[in-house]
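Here's the structure we're looking at; comments come further down.
Rule-based calculations on the coordinates, nothing more; no lab input. The structure displayed is predicted, hence computed values, not measured ones. Here the Cβ is made from the backbone with ideal geometry for all residues, glycine too, and neighbour counts use every protein chain on show.
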Amino acid sequence: MNKATRAAVIAGNWKMNKTPSEASVLVSAIAERAAGKDGCRVVLCVPYVDIPAAVEAARGTNVKIGAENVHFKESGAYTGEISAAMLVECGVEYVIVGHSERRQYFGETNETVNLRAKAGLAAGLKVIICVGEVLEERQSGITSEIVSMQTKLALAGITPEELENVIIAYEPVWAIGTGLTATPEQADEVCGIIRSVVAGLYGEDKAMALTVQYGGSMNDKNAAELLSKVNVDGGLIGGASLKPDAFGSIIDAAQ
Ligand code: 13P
């Protein structure tokens, strides 16, 4: 299996942006740009409160709706958290776990990332697991070790069948929201490292079928070159996913 047979996934991560009424308008605008573009899957991961409006606006289009996080317990005394079953009932199909902003600001650890991933998969969600090094780690030459460790720990206990619903997003932390983008060669190299870690855990066939995204200041100008790389199967896009034209151009680049 080669790149051409893997699912290309262009996913937006809106982070803490857009109210429900704004979400409705933005999903509709992106759905219009995505219409008929069958060369990739288009996903918008939105704030929890935007989910009903986003699902409604995406109905009948080729845009799928995701959440930006999920808790690992089914229910209980976890003030402020949202379960996988709640997301599923709202029409959510994808969920991001382990985003570096969650790791950096909200105490997310490799262990909780793994628990959240397993909870999402058990509920039937497609899970986008984020991994990536910080600048000091890249400068110390330990990117490969960090990303391999995060990947292995995130996938602990996930079955080969469940892996079919996993996407891994390589997001170098130094490239997120900074305007600094990994070069296509850097993105390709680390996405390739992730794929070889998965090959070691699950075998070559599973690894070759895995969608590995790049994220970090991907935009309409740099997307085509990043997405042309053999190990880069899509993008996880922050800022540019809030702009229908820029995001539309990234979808075009993935065709
Ligand atoms: P930016 O595209 O804004 O750099 O954000 C990337 C990201 O964090 C996606 O999850």
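Where the centre of each part is set by its Cα atoms, how far does region 203-229 sit from region 92-115, in angstrom?
Using only Cα atoms, the two centres lie 20 Å from each other.
For the chain, modelled as a GNM with alpha-carbon contacts under 10 angstrom, which of Ile142, Ile96, Ile194 fluctuates the most?
Result for the chain, Cα springs under 10 Å: Ile142 fluctuates most.
Distance between Cα centroids, region 153-186 to region 1-42: provide it in whole Å.
Computed from Cα coordinates, the inter-centre distance equals 18 Å.
Using +1 on the beta carbon of Lys and Arg, -1 on that of Asp and Glu, and nothing else charged, what's the dipole of region 183-255 about the Cα centre, debye to 20?
Rounded to the nearest 20 debye, it is 160 debye.
Quick one, can you get me the convex hull of the C-alpha atoms of region 76-119 expressed as volume per residue in Å³?
Cα convex hull per residue, to the nearest whole number: 90 Å³.
Could you tally the net charge around Ile142, taking each other residue with its Cβ under 12 Å from the Cβ of Ile142, Lys/Arg +1 and Asp/Glu -1?
-3
If you take every DSSP beta bridge whose two residues both sit in the chain, what share of them, in percent to the nearest 5, is antiparallel?
The antiparallel proportion sits near 0 percent.
In debye to the nearest 20, how big a dipole does region 121-218 give about its Cα centre with +1 on each Lys and Arg Cβ and -1 on each Asp and Glu Cβ?
Dipole size: approximately 160 debye.
With a bin width of 10 angstrom, please list the P(r) values of region 118-164 as percents of all Cα-Cα pairs, from the 0 bin to the one holding the largest distance.
25, 42, 23, 10
Only Lys, Arg, Asp and Glu count, each charged at its Cβ (+1, +1, -1, -1), so figure out the dipole size of region 50-131 about its Cα centre, rounded to 20 debye.
Magnitude of the dipole: close to 220 debye.
State, to one decimal in nm, how far the label point of Ser196 lies from the label point of Lys221, with both points 7 Å from Cα in the Cβ direction.
Between Ser196 and Lys221, the simple spin-label model gives 3.3 nm.
Relative contact order of the chain, please, whole-number percent, based on alpha carbon pairs below 8 angstrom and at least 6 residues apart.
About 22 percent, as a whole number.
How far is it, in nm, from the label point at Ala4 to the one at Ala209 when both lie 7 Å from their Cα along the line to the Cβ?
2.0 nm
So between Asn17 and Glu136, what do we pick up on full extension, going 0.36 nm a residue minus the alpha carbon distance?
Gain in length upon complete extension: 40.0 nm.
Net charge within 15 Å of Glu171 by Cβ-Cβ distance, Lys/Arg positive one each and Asp/Glu negative one each, not counting Glu171 itself?
-4
So how do Thr151, Thr61, Thr211 line up by other beta-carbon neighbours within 10 Å, fewest first?
Ordered by Cβ neighbours within 10 Å, fewest first: Thr61, Thr211, Thr151.
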